[in-house]
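Presented below is the structure to which this report refers.
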DNA sequence: TTCAATAGGTGTACGTCGTACACCTGCCTG
DNA sequence: CAGGCAGGTGTACGACGTACACCTATTGAA
């Protein structure tokens, strides 16, 4: 009978349940409204109960990132290093797109968790397997930067803002006025912004293909890296040349 | 006599004073402790007084960024586009290094201010002046990303963390233990991390030359861009090739 | 089977934050 | 001199993260 009661009772919390609930909640309501209190409510538990499974909010966020890292596909076998890296990055990107809050959270991480270190280690391993030198790989990791995690830092990315979504629904007159003002003050921005929006007619919304932009930059880097590799790039030599 | 009193009295606040005080305070104590209340205190004024000059904290941060944008050098004249861009980016970088909090703030901006748009416009103008097509410039702007502002997104950058500074002062035994653990679990990370620290002896601290890494990646991109430009890159053609 | 140790959940409370709102004050203009 | 308005004040509210003391359920050993 005590067993029955125990069975009916809400099953006990554990770290995994907390983290997955947090990820689900963030998926649903975004990262802003995700507070310890709100998460506790979702788990039908008092806020302080969470602290038995997670040291503090920072650690909660770290844990959420770990969950996502677990969703990134392992490296595919049997491709050259460039494609292996490429596919892995694109897999990471898909994860980030399933969890739109993740970018913001990643940006605020300061200390890598073991899971993050593991991912980095495996990531570096792909270059080593391709024969890249330790030296070159080191610089490459810096150059790739956040692209390793499937995103790039784009300041003022309208897709990241809440108002960005509302922007499409704005009256045509306002759009026209905006256009006038832009063309007067920021003609170059306007040209570049409209360059990509041939397919959809909007002027203001970013009509550009994020995926294409991401791959464009990724390939620019990978191709450049390949060139350096083929030329047996060596950074100390490069330093000397530059002076 | 009322004049005398007025003269002795603290001069009235205005937007500029508020923003510059905020920048100075952030320079001094960091962005974390910068609260509306703290800033008000610094200005010997009640917190709500700030709201007569700034709509809310977000707008304060926007304004602080504007101050920094004002510190970036204008484009130099008489150089080819690549060098013009290069020098400008490095100037932006110097600003970001004077204000160590700026990166974190920039990362959280969602809507560009007129000053930011102005900078972007002028930035784009440098590519146009070099003869790059609107199409290529568009993709380039995405590829450059936050490097335009003088920084790159590096996850888990130890220089960004408070503990990073304390890390150098850690006992040798602990360093040794860390080393053991790293080499067991993350051998690749370890190799890459130690690759750059030949000059200074530390194992854990990032012994690498940030400036070099930044320029490495910047030049990788600029060189790649130049190649595309010379080949009259066209993105719709590229799309077709890729399928 | 019993019982103590321990892991997990609760309740209350504190300090900090951003900021709404009503108010006062002193300067500028007519 | 009047009166309006920009700018500074005071109080207050509802979040937030989390410290701390407490209670309770589960578990492992006797």
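No lab work stands behind these numbers, since they all come straight from the coordinates. Every value quoted in this text rests on a predicted model; they were computed, and no experiment measured them. Note that each Cβ is placed from the backbone with ideal geometry, even for glycine, and that neighbours are counted across all protein chains shown.
The simple spin-label model puts a point 7 Å past each Cα toward its Cβ; for residue A:184 and residue A:231 those points are separated by 4.8 nm. The C-alpha atoms of the stretch A:58-168 occupy a region whose extents along the principal axes are 48, 32, 24 Å, arranged from largest to smallest.
When Rg and the Kirkwood radius Rh are both evaluated on Cα atoms of the stretch A:98-141, their ratio Rg/Rh stands at 1.09.
Sorted from shortest to longest, the distances between the residue A:118 label points of this copy and the other copies are 5.1 nm, with each point 7 Å from Cα along the line through the beta carbon. Scaled against the 2.2 N^0.38 Å expected of a compact globular protein of N residues, the Cα radius of gyration of chain B reads 1.30. For the peptides A:59-66, B:211-218, the ranking by mean Cβ contacts within 10 Å, running from highest to lowest, is A:59-66, B:211-218.
Partner shielding of A:141-152 amounts to 5, given as the average count of beta-carbon atoms from other chains within 10 Å of each residue beta-carbon.
The three principal axes of the C-alpha atoms in the stretch B:1-128 carry coordinate ranges of 60, 34, 24 Å, sorted with the longest axis first. Relative to the other identical copies, residue A:238 shows label-point distances of 2.1 nm, where the label point lies 7 Å from Cα along the Cβ direction and values run shortest first. Measuring nothing but alpha carbons in the stretch B:11-74 and taking Rh as the Kirkwood radius, the Rg to Rh ratio lands at 0.95. A point 7 Å from Cα along Cα→Cβ stands in for residue A:184, and the other copies hold the same point at 6.8 nm, listed in rising order. Working note: Cα gyration tensor of the protein assembly as shown, eigenvalues times five, square-rooted, sorted largest first, giving semi-axes of 35, 34, 26 Å. In this calculation the C-beta distance from residue A:16 to residue A:241 is compared with R0 = 60 Å, giving a FRET efficiency of 0.70.
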